[in-house]
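The values are calculated or read from the model by the stated rules, or taken from the named source; none is laboratory data. This one's a predicted model, so the numbers in the text were calculated from it and none came from an experiment. Every residue, glycine among them, receives a Cβ derived from its backbone with ideal geometry; neighbour counts consider all protein chains shown.
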Amino acid sequence: MSQANKALFIIFGGTGDLAKRKLYPSIYRLYKKGYIEENFAVIGTARREWSDEHYQEVVQDSIKGIAESEEHAEQFSRHFHYQSHNVKDTEHYDTLKNLADSLDDQFDIGGNRIFYLSMSPTFFGTITKHLRSQKLVTDSGFNRVIIEKPFGTDYESSKALNDEILEAFESDQLYRIDHYLGKEMVQNILTFRFANPMIESIWNNQFISNIQITLSEELGVEERAEYYDKSGALRDMIQNHVMQIVSLLTMDAPASLNTDEVRKQKMKVMSALKVLSPEEAEQSFVRGQYTRSADGKVAGYREEEKVADDSKTETYVAGKLDIENDRWSGVPVYVRTGKKLTKKEAQINIVFKKPDNPLYQAENTAANVVTMYLGPREGITLELNEKKIGPGMNIEKMQLDHLRTEGTIQESPEAYEKLILDCLSGDRTHFAHWEEVAASWKYVDAIRTAWNQSSSEPAFYPAGTIGPKEADELLNKDGNEWIWNPDK
Ligand code: NAD
């Protein structure tokens, strides 16, 4: 008998960008690999009036380039059905329930349902309430809800949203997506640290000088200017992806790799983060915004459509986090992220303290650096010192590179594919839990409050550069330098 998963996916926002670019290709990959076979169906819902035929063509189009063959793509798309639906209209949920029940019978799904909320969070409460009241939630199988970011706009709104959703679903039915947590190299942080005693034994303030996290984007706001102008990089990147990476890098070893143990340790270190006063936030964080590129070819942020001429929204953030516990006190964690930078790269640099002994003085040696490339390049490199060939005992820097080949990266599963499979299996380890979301909102809210009180302009940087000079100064004043080198 097949071991493949059985599920009915109901995707709210089925005509949206995310569904087409990420969700349909990811579900297809699971189908191709046999994680789902015949006992699955997808209902796409959105406001537009689409026929099943048109929807199936859209799905086929979204998997062009990855499909085994046209026939296979067509066979896959036959599992997809479309229901025009206004999420605020109660009657529409009754129609949706009838379709869901009939597809459940047709594909022998056994009542397992995944409700994927790929829409604006303003609708999450309405949708979950109706799913419960109109009995789309089954008694016979599992019922899980996948929620896209942004989960609120600050602590208060995210708490209200969470409370609203919890009126209809239990917390262990909620899967809050942070797609960084589905990335191979982000999951590799735990393995690299805890499977290598050589690494884990020096992963503390006795040996580490500072940690740097860079999530750099080459693209600008594209079609998302309206959303982005209200959000900015602090909410869009720091609150979720960056804070999750910080917690994985600095948590203590969990007793096991199960959801609760990992969460317990992540929460422990997040509670040790020093929440900043407005004065400290001004000192430790820099907000930037891109201007027209030096060659004049790339427009500045304020010139983008749907962005006000005097918008202060940050397209760049750099900052310093302090963790107040025995393991990390005195080790700054520098983070930065921005749009329209030199290149797309997500990278972590762990910078070790230099030796200071009679044999080799600090000024003659390079700092040992472990670099984790999270994407698009993937892999780990290590910078060490070695003897320079020739007379005397001079030193030079050596580098050990373990970068994955293009082919290996292509073959490894996509973040969304892994996370949807985890949801099918009921594994919430690589999803953001409410306590983590709440703690990170409290952290970034303090910075947002400081910025809201300030009349100063963001630090401007021309599009296509590595960001504002004020960010470099943040490190320089601590006697550090950014290790990330986009040209390398
Ligand atoms: P989108 O604007 O392309 O799609 C929104 C969808 O919601 C459409 O299908 C639209 O028809 C539907 N919709 C809107 N109002 C509705 C209503 N009243 N009733 C029924 N349907 C309605 O948005 P998107 O880019 O696909 O993003 C979806 C969600 O995922 C958002 O919360 C976004 O922040 C998040 N997200 C998107 C991306 C991305 O790369 N696109 C990345 C991360 C998170």
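Per-structure values
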{"item": "ALA225 within 16 Å of the ligand (Cβ to nearest atom) and either crowded, with 22+ Cβ neighbours inside 10 Å or in a helix (DSSP H, G or I) (or both)", "result": "yes"}
{"item": "Search result, residues across segment 264-282 that are in a helix (DSSP H, G or I), within 20 Å of the chain's Cα centre (by Cα) and under 15 Å from VAL333 (Cβ atoms)", "result": "LYS266, VAL269, MET270"}
{"item": "Members of segment 82-130 that are in contact (Cβ under 8 Å) with a residue 60 or more places away in the chain, assigned to a strand (DSSP E or B) and either within 15 Å of the ligand (Cβ to nearest atom) or of a type in the set (A, V, I, L, M, F, W, C) (or both)", "result": "TYR82, ILE114, PHE115, TYR116, LEU117"}
{"item": "Per-region count, segment 383-430, residues among the hydrophobic types (A, V, I, L, M, F, W, C), in contact with a helix residue (DSSP H, G or I) (Cβ under 8 Å, 6 or more places away or on another chain) and either surrounded by fewer than 18 Cβ atoms within 10 Å (Cβ to Cβ) or assigned to a strand (DSSP E or B) (or both)", "result": "1"}
{"item": "Residue among GLY182, GLY220 that is within 23 Å of ARG404 (Cα to Cα) and within 16 Å of the ligand (Cβ to nearest atom)", "result": "GLY182"}
{"item": "Residues located in segment 53-63, provided they are touching a Lys or Arg at 6+ places or on another chain (Cβ under 8 Å) and within 14 Å of the ligand (Cβ to nearest atom)", "result": "VAL58, SER62"}
{"item": "Residue count, segment 16-33 (criterion: within 12 Å of the ligand (Cβ to nearest atom), touching a residue at least 60 places away in the same chain (Cβ under 8 Å) and either of a type outside the set (D, E, K, R) or in a loop (DSSP other than H, G, I, E, B) (or both))", "result": "4"}
{"item": "Any chance ILE409 is farther than 30 Å from ALA4 by Cβ, modelled with pLDDT under 95 and in contact with a Lys or Arg (Cβ under 9 Å, 6 or more places away or on another chain)", "result": "no"}
{"item": "Residue satisfying all of: in segment 291-314; within 17 Å of MET237 (Cβ to Cβ) and in contact with a Gly (Cβ under 6 Å, 6 or more places away or on another chain); surrounded by the fewest Cβ atoms within 10 Å (Cβ to Cβ) among these", "result": "THR313"}
{"item": "Test: residue in segment 2-15 that is small (Gly, Ala, Ser), under 29 Å from ARG224 (Cβ atoms), within 16 Å of the ligand (Cβ to nearest atom) and in a helix (DSSP H, G or I)", "result": "no"}
{"item": "Total residues in segment 10-52, condition touching a Lys or Arg at 6+ places or on another chain (Cβ under 8 Å) and of a type in the set (Phe, Trp, Tyr)", "result": "1"}
